[in-house]
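Before any comments, here is the structure.
The values are calculated or read from the model by the stated rules, or taken from the named source; none is laboratory data. All of these numbers come straight from a predicted model, not from anything done at the bench. So basically every Cβ, Gly included, is an ideal-geometry build from the backbone, and we count neighbours across all protein chains shown. Accessible surface areas use protein heavy atoms only, side chains included; no ligands, DNA or RNA. Shrake-Rupley method; radii C 1.70, N 1.55, O 1.52, S 1.80 Å.
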Amino acid sequence: MSLKRIALWGVAALVAFVVLAVAAVFLIFPRVSAAPDLKVEATPELVARGDYLFNSQFACGACHTPEMEPHRFSRVSDKSRVGAGRYMGGVPDFPADIYAPNLTPTALGDWTDGEIYRAIVSGVDRNGKPLFPVMPYPFYKSLDPEDVKAVVAYLRSLPPQPVTMPRTKLPMPLPVVMRFVPADATPQKRPDGTDEVALGKYLAFTSSCFECHTKRNERGEPTGTPFAGGNPFSLPGGAVATSANITPHKEAGIGAWTREEFLARFHSRNAEADMKIMPTGHDFDTEMPWNHYAGMTDADLGAIYAYLRTVPPVGAKVTLFTPAAEK
Ligand code: HEC
Ligand code: HEC
């Protein structure tokens, strides 16, 4: 055989190997168990609890409810279209389009309670297809089953929103890489609050505080010091908000904030107030869904504060807002 032929065979073998490996990944992953056989008894109490969780504590609505148009401060959600879904933009450096799906009965009407439950905690759709982990299921996998059931009951109670959201489009290699992310749930019990720090930790990880306030690599994996901030978010209008250092460092973090100041900062925001602010790209704006979290109880916010006092302080200062460049 000539050298050229050997080289050609080598290339052909390599291509065949890659194709087989990718096919194997698609066959074997995601490795997630069947949806649980579950019927959620939707009492009014459970639906009300789900409303609190969806719209305030977990801020699911910050992604799954369309934003007010034109853009308002802190991305105010359109309360008349809760759960209708929205276009979330791309991934830096990738030609991707991410859509948070419609979660109202228009879209999930055919799903079983167990399939919705599994999508939230394990990250696969009803057919077992993986969800892109912008949806924070890697954190939801440790949720208390009672919290997840309350959210399912609430989603079932939503008025239908007749919108068809396109599905997320991702370029290679993301569709392969993300098949490894979904996993079976590892449920915890929600700490009851007698141990405030334990409750605060549960909330800080499942309510996306850790996720946004810890530096991530381009694959979305947390690589920075927990809660030291530094993730940039592009805002409509061209400005950039960067997540704050919320460690208890006195100068760089929130170590000098009292509990009252912390609670007041959250409660000072609400959708009505934020509706009135239409940022131009030059005045302060943010990606943090303050007006969602503003509805959290003092007990829950206070627990987050108590937990954040216990994480190691980090001295790195963050510039929270960079206005759009002058045209
Ligand atoms: C940071 C944004 C974000 C947050 C917060 C978020 N989601 Fe999602 N969610 C998404 C995106 C994006 C998808 C679709 C991913 C894809 O298409 O691969 C998704 C998918 C889903 C799906 C699957 C629907 C389908 O049609 O496949 C369900 C169910 C869901 N989310 C429920 C929730 C619930 C409940 C919460 C709060 C506990 C929540 N999500 C919080 C962004 C988010
Ligand atoms: C979608 C990303 C995102 C999520 C989720 C998020 N934050 Fe933030 N946060 C930011 C950004 C960006 C800023 C900086 C701009 C601003 O002040 O809003 C910020 C600012 C803050 C500040 C103000 C710090 C200062 O020095 O002024 C506090 C406190 C805070 N976040 C706490 C939290 C807590 C607690 C949670 C969870 C309940 C949370 N954040 C969830 C993105 C996020």
So A150, is it among the small types (G, A, S) and farther than 29 Å from A228 by Cα: yes
Considering residues of segment 11-33 that are assigned to a loop (DSSP other than H, G, I, E, B) and not small (G, A, S) only, the residue most open to solvent (accessible area, probe 1.4 Å): R31
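When you scan segment 154-176, how many residues do you find that are part of a helix (DSSP H, G or I) and open to solvent by 30 Å² or more (accessible area, probe 1.4 Å)? Break it down stepwise before answering.
Keep residues of segment 154-176 that are part of a helix (DSSP H, G or I), which gives 154-157, 174-176.
Pick out the ones that are also open to solvent by 30 Å² or more (accessible area, probe 1.4 Å) and you get 156-157, 175.
Residues in segment 154-176 being part of a helix (DSSP H, G or I) and open to solvent by 30 Å² or more (accessible area, probe 1.4 Å): 3 in total.
Across segment 177-216, what is the total count of residues that are assigned to a loop (DSSP other than H, G, I, E, B) and surrounded by 19 or more Cβ atoms within 10 Å (Cβ to Cβ)?
Within segment 177-216, the first condition is being assigned to a loop (DSSP other than H, G, I, E, B), and the residues that meet it are 181-195, 207-208, 214-215.
Filter again for surrounded by 19 or more Cβ atoms within 10 Å (Cβ to Cβ), leaving 181-182, 185, 207-208, 214.
Residues flagged as assigned to a loop (DSSP other than H, G, I, E, B) and surrounded by 19 or more Cβ atoms within 10 Å (Cβ to Cβ) within segment 177-216 amount to 6.
Away from ligand 2 (no atom under 16 Å from the Cβ), open to solvent by less than 10 Å² (accessible area, probe 1.4 Å), over 19 Å from P187 (Cα atoms) and modelled with pLDDT of 95 or more, is that true of T112?
Working: away from ligand 2 (no atom under 16 Å from the Cβ): yes; open to solvent by less than 10 Å² (accessible area, probe 1.4 Å): no; over 19 Å from P187 (Cα atoms): yes; modelled with pLDDT of 95 or more: yes.
No; evaluated as a whole, the condition is false for this residue.
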Residue in segment 68-78 that is under 22 Å from S207 (Cβ atoms) and within 12 Å of ligand 1 (Cβ to nearest atom) present: yes
Residue list for segment 1-50, filter: free of Cβ contacts under 8 Å to residues at least 40 places away in the same chain, over 18 Å from P130 (Cβ atoms) and β-branched (V, I, T): I6, V11, V15, V18, V19
Lone unmet requirement of (1) β-branched (V, I, T); (2) part of a helix (DSSP H, G or I); (3) within 11 Å of ligand 1 (Cβ to nearest atom) for V47: (3)
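Out of the residues in segment 181-223 that are among the polar types (S, T, N, Q) and more than 26 Å from G114 (Cα to Cα), state the one that is modelled with the lowest pLDDT. Step through it out loud before you land on a result.
Filtering segment 181-223 for residues among the polar types (S, T, N, Q) gives 186, 188, 194, 206-208, 214, 217, 223.
Okay, now just the ones that are also more than 26 Å from G114 (Cα to Cα), so 194, 214, 217, 223.
Working: T194: 95, T214: 97, N217: 80, T223: 90.
So, considering only residues that are among the polar types (S, T, N, Q) and more than 26 Å from G114 (Cα to Cα), the one modelled with the lowest pLDDT is N217.
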Residue within segment 51-66 that is away from ligand 2 (no atom under 16 Å from the Cβ) and either surrounded by fewer than 17 Cβ atoms within 10 Å (Cβ to Cβ) or free of Cβ contacts under 8 Å to residues at least 12 places away in the same chain (or both) present: no
Qualifying residues in segment 217-262 (those that are more than 29 Å from Y87 (Cβ to Cβ) and outside any loop (DSSP other than H, G, I, E, B)) - the one nearest to ligand 2 (Cβ to nearest atom): F262
Residues (in contact with a helix residue (DSSP H, G or I) (Cβ under 8 Å, 6 or more places away or on another chain), more than 16 Å from ligand 1 (Cβ to nearest atom), hydrophobic (A, V, I, L, M, F, W, C) and in a loop (DSSP other than H, G, I, E, B)) located in segment 263-290: none
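Can you tell which of P70, P36, P133 is assigned to a loop (DSSP other than H, G, I, E, B), under 17 Å from the mean Cα position of the chain (by Cα) and surrounded by fewer than 19 Cβ atoms within 10 Å (Cβ to Cβ)?
On the way: P70 fails: under 17 Å from the mean Cα position of the chain (by Cα); P36 fails: under 17 Å from the mean Cα position of the chain (by Cα).
From the options P70, P36, P133, the qualifying one is P133.
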Single condition V151 does not satisfy, out of (1) more than 8 Å from ligand 1 (Cβ to nearest atom); (2) surrounded by 21 or more Cβ atoms within 10 Å (Cβ to Cβ): (1)
All positions within segment 93-109 that are more than 23 Å from D37 (Cα to Cα), aliphatic (A, V, I, L, M) and more than 16 Å from ligand 2 (Cβ to nearest atom): A96
All positions within segment 116-130 that are touching a residue at least 60 places away in the same chain (Cβ under 8 Å) and touching a helix residue (DSSP H, G or I) at 6+ places or on another chain (Cβ under 8 Å): Y117, V121, S122, G123, V124, R126, P130
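Return the only residue of T322, T258 being open to solvent by 50 Å² or more (accessible area, probe 1.4 Å), touching a residue at least 12 places away in the same chain (Cβ under 8 Å) and either farther than 15 Å from H213 by Cα or out of contact with any strand residue (DSSP E or B) (no Cβ under 9 Å at 6 or more places or on another chain) (or both). It would help to see each step written out before you state the result.
Values: T258 fails: touching a residue at least 12 places away in the same chain (Cβ under 8 Å).
Unique residue meeting the criteria: T322.
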